[in-house]
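A.B. asks: Questions regarding the structure given below will be posed in turn.
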Amino acid sequence: MSNFGRAILAGAALVAGISVTSSLMAHGNVTPQAVDTSALPKLGADWLPKNPYTGNAKAIEVGASAYNQNCARCHGLEAISGGIAPDLRYLELGESGDEWFMERFRKGASHDGKVYMPAFGDVLGQEAGWAIRSWLETKHEE
Ligand code: HEC
């Protein structure tokens, strides 16, 4: 093969390599995106059993953006599920809904060793979790 032919083959392999990597990043990227919670009251190290931010306008605003960056790709824009993951508008309101929400937010969900939802708790922290919950409460449907 001519040197020119080799160069073309090498170039094609490089292009293929790049496109595989970028499509993996587009679809498989589940790295939690940092959430700026500096405008919200601090909640301390212990995870609270119920949402302390319900109705807090700032928390709702922070939560909307945190949801879009971390949850929407599976749970759907505006919390309207496209069917990949449960529709979070129907999560129960109040303390038992809060508990279930936080269980999933902190630990994620796995079955038979497969991760269906990554854990967010340690990475994003409870301020971000309750902010998302506060925004979801505004989208609630019976
Ligand atoms: C990679 C996809 C994915 C991402 C990202 C994701 N989830 Fe999930 N989530 C799921 C799946 C799938 C389930 C159902 C798990 C099961 O059936 O055990 C689920 C379940 C839940 C549940 C329980 C719902 C119910 O009706 O039982 C809550 C609450 C939840 N997710 C919140 C969130 C929040 C908040 C975020 C963002 C911080 C998030 N999820 C990000 C896939 C995801």
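The values are calculated or read from the model by the stated rules, or taken from the named source; none is laboratory data. Source: prediction; values computed, not measured. Every residue, glycine among them, receives a Cβ derived from its backbone with ideal geometry; neighbour counts consider all protein chains shown. For the accessible areas, the whole protein counts, side chains as well, though only heavy atoms, and no ligand, DNA or RNA atoms are used. Shrake-Rupley method; radii C 1.70, N 1.55, O 1.52, S 1.80 Å.
A.B. asks: Please find, within segment 38-62, the residue that is nearest to R133 (Cα to Cα) out of those that are part of a loop (DSSP other than H, G, I, E, B) and open to solvent by 80 Å² or more (accessible area, probe 1.4 Å).
C.D. replies: T54
A.B. asks: Additional query: Could you tell me whether any residue of segment 97-117 is near the ligand (Cβ under 6 Å from one of its atoms), of a type in the set (A, V, I, L, M) and assigned to a helix (DSSP H, G or I)?
C.D. replies: no
A.B. asks: Which condition breaks for I84 when tested against (1) β-branched (V, I, T); (2) surrounded by fewer than 16 Cβ atoms within 10 Å (Cβ to Cβ); (3) at pLDDT 95 or above?
C.D. replies: (3)
A.B. asks: Of all residues being more than 10 Å from the ligand (Cβ to nearest atom) and of a type in the set (A, V, I, L, M, F, W, C) in segment 76-96, which is nearest to the chain's Cα centre (by Cα)? Just the residue, please.
C.D. replies: Out of the qualifying residues, it is L77.
A.B. asks: Next question. Considering only residues that are over 16 Å from L48 (Cα atoms) and more than 9 Å from the ligand (Cβ to nearest atom), look in segment 118-131 and name the one that is least open to solvent (accessible area, probe 1.4 Å).
C.D. replies: Per the criteria, the residue is A119.
A.B. asks: A further question on this structure: Note down all Cβ pairs under 6 Å where the first residue falls in segment 63-88 and is farther than 18 Å from Q33 by Cα, the second is more than 9 Å from the ligand (Cβ to nearest atom), and they're at least six residues apart or on different chains.
C.D. replies: G82/G76; D87/S81; L88/A79
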